[in-house]
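Before any comments, here is the structure.
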Amino acid sequence: MDALEYCKTLSLGGFDDWRLPNIKELKSLVDLTTYSPSIDMAFFPSVFNCNYWSSTNYLINAEYAYVIRFGSEGDIYYSNKSNELGTRCVQGKRESSFDAVEITVNPSSLVFGIVDIDSTSSLDITVINSGLGNLIINTIDAPSVPFSIQHDGCSNQTLGLNASCILTTAFSPLEEAVFMDTIIIQSNDIDNPDIVIPLAGSTSSFLPDTGQTTCYDNEGNIIDCPLPDEPLAQDGSYTINPPSYTVYGDGTVTDNITGLMWQQEDDNQVYNWYQATGIYDKRLNRNVDDVCGNLTLGGYTDWRLPTKKELVGIVHYGEKQPAMDQTVFPNTNMNGYWSSDNLADDLNFALVVDFNIGDIRYYGKEIEIPMKPEHKPSHKYIKWHVEEVFHHPGLYIERAG
């Protein structure tokens, strides 16, 4: 695949450390509002109306690699490495039973989502005594900056049967990063003396790594991964924000890179697109079913159907059939999952992420397939919407080519 060599030898804009992007990096350029090519021509002129190479190997047959079909909907596909396709390089380093005392905490985690620098977002934790005796809560220590306890109505409190208290936690970032910490609530509940509440927030939606760490030659044979500064370095040669998840044990998972919270397992049912999104259709969703919007899970009620880009973010390209980390997302359906995005040139179709191999397809909205809801951490922040692009500090995309 000459594309690896081309990018490695490219000198442009004062940089000489260009490389072939992985599939998630390349996918981040797709513009859903345009078609053929599906990219913003104002920023990326001279785009060939064809497929473009990524450095991510197709594990079903490693003689192939993943490509983006900018000539159509910008969907993910794969091509034999011997084919001649478009190449666009990227520059930037890739970092990288009831007891006498029973405590109930809701929610079991706080996901603040994206918060602007020098801004503050606040979320409440409710502590309830669901046992028969008095619940005695110890002093609650504050988390580290940029998290803080804004209001503490729980420390050193004694709660009778069904009594509750509120702990308000704030997230006030002062620099660009992904932040994580915990709050520990200690009490006289013998079964659960230490309740750990994970905290997560960020200032940007960072681009997760593909998860692919193995390298292959053009014939699909496993090879030692070339070093990043060596010719033919490919996806497995680099690490960009390695996949990282927090599994809470309540049916939810937080992606520590993007800050998004996910339903850990789907409900093993199938729905058409209108039912998954809660959009009325006279024939297909007359009762305005809203499968994601009506979900209650992990103490949250503001779930929604994810965008295509968000779904691709949890694809694990180092796994196959399914292309998913099943220790985090068990029982993943290998067929398609609905996204909230429409097909650009025909609104009767919507885009689907196929977790069999991690490609993107489009189905008629009347088709019934699974869906994986995602929690929108705060209604005050709209940066989870489809127009938000993943941000990776220090990452430059070649404009032409």
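Which one is surrounded by the fewest Cβ atoms within 10 Å (Cβ to Cβ) among residues in region 206-261 that are small (Gly, Ala, Ser) and within 23 Å of Glu176 (Cα to Cα)?
Result: Ser244.
Does Ser46 count as surrounded by 15 or more Cβ atoms within 10 Å (Cβ to Cβ) and not assigned by TED's automatic domain parsing to the domain that holds Asp345? Answer is no for this residue.
Has region 120-135 got any residue that is more than 30 Å from Leu10 (Cα to Cα), in a loop (DSSP other than H, G, I, E, B) and at pLDDT 90 or above? Yes - at least one qualifying residue is present in region 120-135. crowded, with 18+ Cβ neighbours inside 10 Å, touching a helix residue (DSSP H, G or I) at 6+ places or on another chain (Cβ under 8 Å) and in the same structural domain as Val352 (by TED's automatic domain parsing), is that true of Asp290? So Asp290 passes the test.
Every test in (1) closer than 30 Å to Asn57 by Cβ; (2) assigned to a loop (DSSP other than H, G, I, E, B); (3) of a type in the set (S, T, N, Q) is passed by Thr139 save one, and that test is (1). Assessment of region 98-113 against the conditions (surrounded by 22 or more Cβ atoms within 10 Å (Cβ to Cβ) and acidic (Asp, Glu)) yields no matching residue.
The residues in region 166-208 that are in contact with a Lys or Arg (Cβ under 9 Å, 6 or more places away or on another chain) and either farther than 15 Å from Ile257 by Cβ or aliphatic (A, V, I, L, M) (or both) can be counted, and the count is 1. A search for C-beta distances below 9 Å between a residue of region 172-185 that is among the charged types (D, E, K, R) and any residue that is in a strand (DSSP E or B), counting only pairs 6+ apart in sequence or on different chains, returns Glu176/Ser202; Glu176/His391; Asp181/Phe147; Asp181/Pro198; Asp181/Leu199; Asp181/Ala200.
Yes or no, residue by residue, for (1) at pLDDT below 90; (2) crowded, with 22+ Cβ neighbours inside 10 Å; (3) assigned to a loop (DSSP other than H, G, I, E, B):
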site: Asn333; (1), (2), (3): yes, no, yes
site: Ser339; (1), (2), (3): no, yes, no
site: Asn342; (1), (2), (3): no, no, no
site: Phe349; (1), (2), (3): no, no, no
site: Val352; (1), (2), (3): no, yes, no
site: Ile367; (1), (2), (3): yes, no, yes
site: Lys372; (1), (2), (3): yes, yes, yes
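Taking the condition of a type outside the set (Asp, Glu) and within 30 Å of Asn348 (Cα to Cα), does Tyr274 pass? Answer is yes for this residue. How many residues, within region 186-228, are in a strand (DSSP E or B) and farther than 29 Å from Ser172 by Cα? Of the residues in region 186-228, 4 are in a strand (DSSP E or B) and farther than 29 Å from Ser172 by Cα.
Only one of the numbered conditions (1) more than 30 Å from Asn218 (Cα to Cα); (2) in contact with a Leu (Cβ under 6 Å, 6 or more places away or on another chain); (3) at pLDDT 85 or above is not met by Thr104, and that is (2).
Does Ala323 count as over 18 Å from the mean Cα position of the chain (by Cα), outside the structural domain of Pro107 (by TED's automatic domain parsing) and under 25 Å from Lys365 (Cβ atoms)?
Working: over 18 Å from the mean Cα position of the chain (by Cα): no; outside the structural domain of Pro107 (by TED's automatic domain parsing): yes; under 25 Å from Lys365 (Cβ atoms): yes.
No; evaluated as a whole, the condition is false for this residue.
The values are calculated or read from the model by the stated rules, or taken from the named source; none is laboratory data. Everything numeric here is computed off the predicted structure, so don't read it as measured data. Cβ: placed from backbone, ideal geometry, glycine included. Neighbour counts: every protein chain shown.
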